[in-house]
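The values are calculated or read from the model by the stated rules, or taken from the named source; none is laboratory data. Predicted model only: the values in this text are computed from it and were never measured. Neighbour counts run over all protein chains shown; Cβ positions are idealised from the backbone, glycine included.
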Amino acid sequence: MATLIVPKLDEKPWPTLGGQVCDFIEERAIFGPGDLKGQPARLSPEKRAIVYRAYEVYPPGHPLAGRRRFKRVGWSVRKGLAKTEVLAWIAYVELHPEAPVRGDGFDAWGEPVGRPVDSPYIPLLAYTKDQTEELAYGALYTVVTEGPDADLFDPGLDRIIRLDDRGRADGKAVPLAGSPNAADGARTTFQGFDEPHRLYLPRLREAHDTMDANLPKRPAADGWSLYVGTAGQPGQNSIAEDLHHEAQSIARGEVADPRIFYIHRDAGQCHRGDKENGHNLTTMAGRIAAITEATGPEGEYGQGQFADIAEKWDRPRADHSYLERVWLNLWTQSARQAFDALRIPTLTVAGTIAPGSLVTAGFDGARYKDSTAIVVTEVTTGLQMLWALWERPPDLGDDDEWEVPENEVTASVNALMSTFEVWRFNGDPPHWTEPLGSWAGRYACVEEWPTYRRQAMAYAVRDYYEAMTSGAVTYATDPRPALDSPIERETLQEALARHIAAAGRVDTNLYDDDGNRLWILNKLHETRKFDACMAAILSWQARLEALKKGAKKTPRRSRRVRRVGS
């Protein structure tokens, strides 16, 4: 089975409180909403192994002896494997006044002794308020209210309070729905993130970052985070994608002594009938085999379950990309995405475009609602880089005034012209008609390229898609920060990748000479901007024109000084 586990399992097991935690869950917790609601909790061997690893502590003699080894734990598996239930059980033991969840020294055999957390604070973050009640927090509420220790808590829909032996508040768990202010200042001891692939909007990422910053505030509590979910959409810039990329870098040996434990299982190599190796998803047998591999040792929860899942692929208008993501746990491009975001990392090369290079440029954007971008392409190599980006702050309402500063854009265009030899500058005129005219009056390379022309745009999108597929276009690892980006510490290269991944696909009634349907771009989501992607396409069109006309750098004139009279 295709499994990513970081860090790798050690030859000698670490000390762990996991056994005590698992026993406590099965003795004092129950199943939440579902077919097994109210029955005593039971952990499968795999879930038990994950809990064991999650509660590893540093061994005797270590400077951090008895403290948690991992500050973050991520568990990524396909839909339907009770991930939310496990998150609720972990939140339950972290809140419980008797659960052995923190190190309290070692016994005579060198095994860690567990104790409960003092005055716990446990936020559970989801992307909407309704989701907090339906998923982790809702499951925790059922476990608390209908379990054998209900008298130890004062539960409510907005908080679950732990009571001390005198009936006073002694800690609590709360649902959060993307409100950084509500999370700010909290002295967190444990926090859970349900379906982190949905945490991609700037306000949700901000909430996550705020919560993460709260963990060190109580060092004695040894706080930590648990993330449970499935694979997300590549290029969506979600918290789940960040975790997955971090785990991959650990697996490559780029991070030493990580404080994160991450396990991801998927269906492995799959194809849609066009390859010899891997699971053939066009057949029922191939899909059942893929689901089996993605499920791992958990197996079917009932006879025929895998066949019921596999049948979903045969339904009319089935979104196969979505099915592969949720049931096979594959990071698969959405069918609605115009370009394959998974290709971007493979097309990224070290370095940037050198000053003085012969380049083409693309310009696109809106002045008030979305964003404005300039993308540059080196004519000889096809290397692209985001030159500049302006984005409307995500927390502004529709009535809030905001405008891309025209003086900054003009200054950026002037800097571009003085840095490179620009053969062609294609600009989409709506919203920028007067500035484009002004730039054209100063620079002969500036031309209008209206993106509303349906046929021309469809072929331009096809050209860029083919460039990505063939590897003709590459992307520079420009380390400069995207100053107006809503994503903290995002580089220009990362911002361009985000915009390309955010471009949606709308099929047209146009077909190319080979009979392939053409499409144009639109938004995948109202909050996701793709103006830099459009600028990249316009820049690429200019490059294709430059190659067609054999564009070359203008020879530099000699600066040798000639002596008078020589």
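Given the criterion assigned by TED's automatic domain parsing to the domain that holds Val376, among the small types (Gly, Ala, Ser) and within 20 Å of Gly356 (Cβ to Cβ), identify the matching residue among Ala444, Ala440.
After ruling out the rest, the residue left standing is Ala444.
Would you check which residues across segment 438-460 are in a strand (DSSP E or B) and not β-branched (Val, Ile, Thr) and list them?
Looking only at segment 438-460, we keep the residues that are in a strand (DSSP E or B), and these are 446-448.
Result: Glu447, Glu448.
Scan (1) at pLDDT 90 or above; (2) over 10 Å from the mean Cα position of the chain (by Cα) for the single condition Ala207 breaks and write down its number.
Checking Ala207 against (1) at pLDDT 90 or above; (2) over 10 Å from the mean Cα position of the chain (by Cα), the one that fails is (1).
Quick one: which strands (runs of 3 or more DSSP E) sit completely within segment 461-559 and have at least 3 residues that are within 19 Å of Met385 (Cα to Cα) and outside the structural domain of Gln233 (by TED's automatic domain parsing)?
By residue number, 474-476.
Taking Asp257 as the residue in question, decide whether it is in contact with a strand residue (DSSP E or B) (Cβ under 7 Å, 6 or more places away or on another chain) and of a type in the set (D, E, K, R).
For Asp257, the condition - in contact with a strand residue (DSSP E or B) (Cβ under 7 Å, 6 or more places away or on another chain) and of a type in the set (D, E, K, R) - is not met.
Please specify each residue of segment 478-497 satisfying the condition of being at pLDDT 90 or above and either in contact with a Gly (Cβ under 8 Å, 6 or more places away or on another chain) or surrounded by fewer than 17 Cβ atoms within 10 Å (Cβ to Cβ) (or both).
Within segment 478-497, Ala497 is the sole residue that qualifies.
I'd like to know if segment 301-308 contains one or more residues that are out of contact with any Gly (no Cβ under 6 Å at 6 or more places or on another chain), at negative phi, among the hydroxyl-bearing types (Ser, Thr, Tyr) and modelled with pLDDT under 90.
Within segment 301-308, one or more residues are out of contact with any Gly (no Cβ under 6 Å at 6 or more places or on another chain), at negative phi, among the hydroxyl-bearing types (Ser, Thr, Tyr) and modelled with pLDDT under 90.
Somewhere in segment 454-475, is a residue at pLDDT below 90, of a type in the set (Val, Ile, Thr) and in contact with a strand residue (DSSP E or B) (Cβ under 7 Å, 6 or more places away or on another chain)? Write out each step before concluding.
We begin by selecting, within segment 454-475, every residue at pLDDT below 90; these are none.
No, the conditions are met nowhere in segment 454-475.
Can you give me the number of residues within segment 102-124 that are surrounded by 24 or more Cβ atoms within 10 Å (Cβ to Cβ) and either part of a loop (DSSP other than H, G, I, E, B) or more than 35 Å from the chain's Cα centre (by Cα) (or both)?
The total comes to 3.
For segment 178-191, which residues satisfy the criterion of being among the small types (Gly, Ala, Ser) and either modelled with pLDDT of 95 or more or surrounded by fewer than 19 Cβ atoms within 10 Å (Cβ to Cβ) (or both)?
As a first pass, look at segment 178-191 and keep what is among the small types (Gly, Ala, Ser): 178-179, 182-183, 185-186.
Within segment 178-191, Ser179, Ala182, Gly185 qualify.
Could you pull out the residue among Leu95, Leu124, Leu64 that is farther than 23 Å from Tyr200 by Cα, out of contact with any His (no Cβ under 7 Å at 6 or more places or on another chain) and touching a residue at least 12 places away in the same chain (Cβ under 8 Å)?
On the way: Leu124 fails: farther than 23 Å from Tyr200 by Cα; Leu64 fails: touching a residue at least 12 places away in the same chain (Cβ under 8 Å).
Being farther than 23 Å from Tyr200 by Cα, out of contact with any His (no Cβ under 7 Å at 6 or more places or on another chain) and touching a residue at least 12 places away in the same chain (Cβ under 8 Å) holds for just one of Leu95, Leu124, Leu64, which is Leu95.
Which one of these does Thr283 not meet: (1) of a type in the set (S, T, N, Q); (2) within 25 Å of the chain's Cα centre (by Cα); (3) not assigned by TED's automatic domain parsing to the domain that holds Val77?
The one condition Thr283 does not meet is (2).
Check off (1) of a type in the set (S, T, N, Q); (2) in contact (Cβ under 8 Å) with a residue 40 or more places away in the chain; (3) more than 18 Å from Ala482 (Cα to Cα) for Thr348 and give me the number that stays unchecked.
It is condition (3) that Thr348 fails.
Residue by residue, here is whether (1) part of a loop (DSSP other than H, G, I, E, B); (2) surrounded by 14 or more Cβ atoms within 10 Å (Cβ to Cβ); (3) touching a Phe, Trp or Tyr at 6+ places or on another chain (Cβ under 9 Å) holds:
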| residue | (1), (2), (3) |
| --- | --- |
| Thr352 | yes, yes, no |
| Val359 | no, yes, yes |
| Met385 | no, yes, yes |
| Pro394 | yes, yes, no |
| Glu401 | yes, no, yes |
| Ser418 | no, no, no |
| Leu436 | no, yes, yes |
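Search segment 484-515 for residues being more than 20 Å from the chain's Cα centre (by Cα) and without any contact (Cβ under 8 Å) to a residue 40 or more places away in the chain, and hand back the single one that is nearest to Asp209 (Cα to Cα).
Result: Val506.
Among the residues of segment 289-306, are any surrounded by fewer than 19 Cβ atoms within 10 Å (Cβ to Cβ), within 24 Å of Glu241 (Cα to Cα), aromatic (Phe, Trp, Tyr) and outside the structural domain of Leu386 (by TED's automatic domain parsing)?
No; the residues of segment 289-306 include none that is surrounded by fewer than 19 Cβ atoms within 10 Å (Cβ to Cβ), within 24 Å of Glu241 (Cα to Cα), aromatic (Phe, Trp, Tyr) and outside the structural domain of Leu386 (by TED's automatic domain parsing).
Any chance segment 194-204 includes a residue that's hydroxyl-bearing (Ser, Thr, Tyr), touching a residue at least 60 places away in the same chain (Cβ under 8 Å) and crowded, with 19+ Cβ neighbours inside 10 Å?
The initial filter retains those residues of segment 194-204 that are hydroxyl-bearing (Ser, Thr, Tyr), namely 200.
Subset that is touching a residue at least 60 places away in the same chain (Cβ under 8 Å): none.
No, there is no match, as no residue in segment 194-204 is hydroxyl-bearing (Ser, Thr, Tyr), touching a residue at least 60 places away in the same chain (Cβ under 8 Å) and crowded, with 19+ Cβ neighbours inside 10 Å.
Residue by residue through segment 33-81, note down the ones that are under 15 Å from Gly105 (Cα atoms), in contact with a Leu (Cβ under 7 Å, 6 or more places away or on another chain) and in a loop (DSSP other than H, G, I, E, B).
Of everything in segment 33-81, just one residue is under 15 Å from Gly105 (Cα atoms), in contact with a Leu (Cβ under 7 Å, 6 or more places away or on another chain) and in a loop (DSSP other than H, G, I, E, B), namely Tyr55.
Rundown of residues vs (1) closer than 25 Å to Leu135 by Cα; (2) among the basic types (Lys, Arg); (3) out of contact with any helix residue (DSSP H, G or I) (no Cβ under 9 Å at 6 or more places or on another chain); (4) free of Cβ contacts under 8 Å to residues at least 60 places away in the same chain, yes/no style:
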site	(1), (2), (3), (4)
Ala2	no, no, no, no
Val6	no, no, no, no
Thr16	no, no, no, no
Gly19	no, no, no, yes
Phe24	yes, no, no, no
Ala29	yes, no, no, no
Gln39	yes, no, yes, yes
Arg42	yes, yes, no, yes
Tyr55	yes, no, no, yes
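Residues in segment 361-383 that are modelled with pLDDT of 95 or more, of a type in the set (Gly, Ala, Ser) and either within 18 Å of Pro481 (Cβ to Cβ) or part of a strand (DSSP E or B) (or both): how many?
3
Can you give me the number of residues within segment 142-176 that are of a type in the set (Gly, Ala, Ser) and within 30 Å of the chain's Cα centre (by Cα)?
Matching residues across segment 142-176 total 1.
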